[in-house]
Amino acid sequence: MEALFSPEALTALLTLTFLEIVLGIDNILFITLISSKLPAQLQNKATQIGLFLAMLLRILLLFGIALLIAMQSPLFTWDNAFIKASVSGQSLVLFGGGLFLLYKSTKEIYEKVEHPTSNELLPKTKVLTLPKAILQITLINMVFSFDSILTAVGMTNGLNNALTLMVIAVVISVVIMMLFAKAVGDFVNKHPSLQVLGLSFLLLIGFMLLAEAAHLAHVEIMGQTIGNVPKGYLYFAISFSLLVEFINMKIRKNDSQ
């Protein structure tokens with residue numbers, strides 16, 4: 001027990017908790033997107049259930065880490081004159097998640113652009129039921145959990161009580177996200193431009209998942225290997241876009257006064 005309070009363990013715990021929150025931003029974006037399709041009285045409930053399921057899935061994956069690591073083994077290979085690949089279970093999950101995000105975010109952007117709710121002559125966006133919303137949230141939580149757990153394993157590798165540290169970090173990070181998720185969701189729902197920006201982020205994350213799946217599968221296209229795209233590029237693009245949008249919101253607010 002004392003090992004949990006050593007300087008090394010506490011530093012790892014704080015760092016890992018911070019990284020889990022950062023990695024959970026895309027999860028909150030998606031949960032907010034799905035929750036916004038529900039009636040107002042169910043949106044907060046769906047968000048809380050979604051984040052709780054995210055925590056539960058991460059903890060289950062931590063206890064099944066051997067299975068997760070085993071999914072790195074190739075399931076089948078593909079080798080011809082144009083494409084070479086060694087496809088694993090992890091790459092298939094990330095590929096499927098990337099495709100789902102691209103489909104979902106493109107569909108949502110289309111509905112917001114082509115079917116604005118302000119025009120009563122056009123059909124309004126379809127409202128989800130709570131079970132359907134929870135199902136969609138659970139499916140994408142599985143994909144987002146992979147990055148989260150692999151990061152946790154890398155951060156705590158070689159430490160005593162590593163599994164306990166990872167579980168504590170996951171629980172703390174999700175509790176923090178639960179506390180702020182409603183505020184984030186309400187703010188995004190009040191600003192349509194932020195909704196479209198959030199959907200654009202999900203498009204970007206979808207492409208990143210496809211690239212990561214290709215990297216894990218060691219894909220070569222006509223002799224060119226698909227490399228790993230550093231996550232820092234993604235976080236910089238999201239941060240810079242949000243900064244520009246907040247500046248625009250401030251300008252619009254000043255102009256309206």
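The values are calculated or read from the model by the stated rules, or taken from the named source; none is laboratory data. Since the model is a prediction, treat every value here as computed from it, not as a measurement. Virtual Cβ from ideal backbone geometry, glycine too; neighbours counted across all protein chains shown.
Which one is nearest to LEU242 (Cα to Cα) among residues in segment 25-60 that are of a type in the set (A, V, I, L, M) and free of Cβ contacts under 8 Å to residues at least 24 places away in the same chain?
Residues of segment 25-60 of a type in the set (A, V, I, L, M): 25, 28-29, 31, 33-34, 38, 40, 42, 46, 49, 51, 53-57, 59-60.
Applying the additional criterion that residues be free of Cβ contacts under 8 Å to residues at least 24 places away in the same chain yields 40, 56, 60.
Working: ALA40: 25, LEU56: 30, LEU60: 33 Å.
Per the criteria, the residue is ALA40.
Close contacts from segment 221-233, counting a first residue that is without any contact (Cβ under 8 Å) to a residue 40 or more places away in the chain and closer than 23 Å to THR77 by Cβ and a second that is surrounded by 10 or more Cβ atoms within 10 Å (Cβ to Cβ) and of a type in the set (Val, Ile, Thr), with Cβ to Cβ under 9 Å and a gap of 6+ residues or different chains, come to THR225/VAL219; ILE226/VAL219.
Looking only at segment 211-232, count every residue that is among the acidic types (Asp, Glu) and either part of a loop (DSSP other than H, G, I, E, B) or under 18 Å from the mean Cα position of the chain (by Cα) (or both) and tell me the total. Steps first, please.
Filtering segment 211-232 for residues among the acidic types (Asp, Glu) gives 212, 220.
Next, from what is left, pick out any that are either part of a loop (DSSP other than H, G, I, E, B) or under 18 Å from the mean Cα position of the chain (by Cα) (or both): 212.
Selection size over segment 211-232: 1.
I'd like to check something: does segment 229-239 contain any residue that is on the phi < 0 side of the Ramachandran plot, among the aromatic types (Phe, Trp, Tyr) and at pLDDT 85 or above? The answer is no; no qualifying residue exists. Checked against (1) at pLDDT below 75; (2) of a type in the set (A, V, I, L, M); (3) in a helix (DSSP H, G or I); (4) crowded, with 19+ Cβ neighbours inside 10 Å, LEU128 meets all criteria but (3). Scanning segment 210-255 for residues that are closer than 22 Å to PHE18 by Cβ and surrounded by 16 or more Cβ atoms within 10 Å (Cβ to Cβ) yields GLU212, LEU234, ILE238. Number of residues in segment 16-45 that are buried (at least 16 other Cβ atoms within 10 Å of the Cβ) and over 16 Å from the mean Cα position of the chain (by Cα) equals 6. Restricting attention to segment 88-103, the residues that are buried (at least 19 other Cβ atoms within 10 Å of the Cβ) and more than 19 Å from LEU202 (Cα to Cα) total 2.
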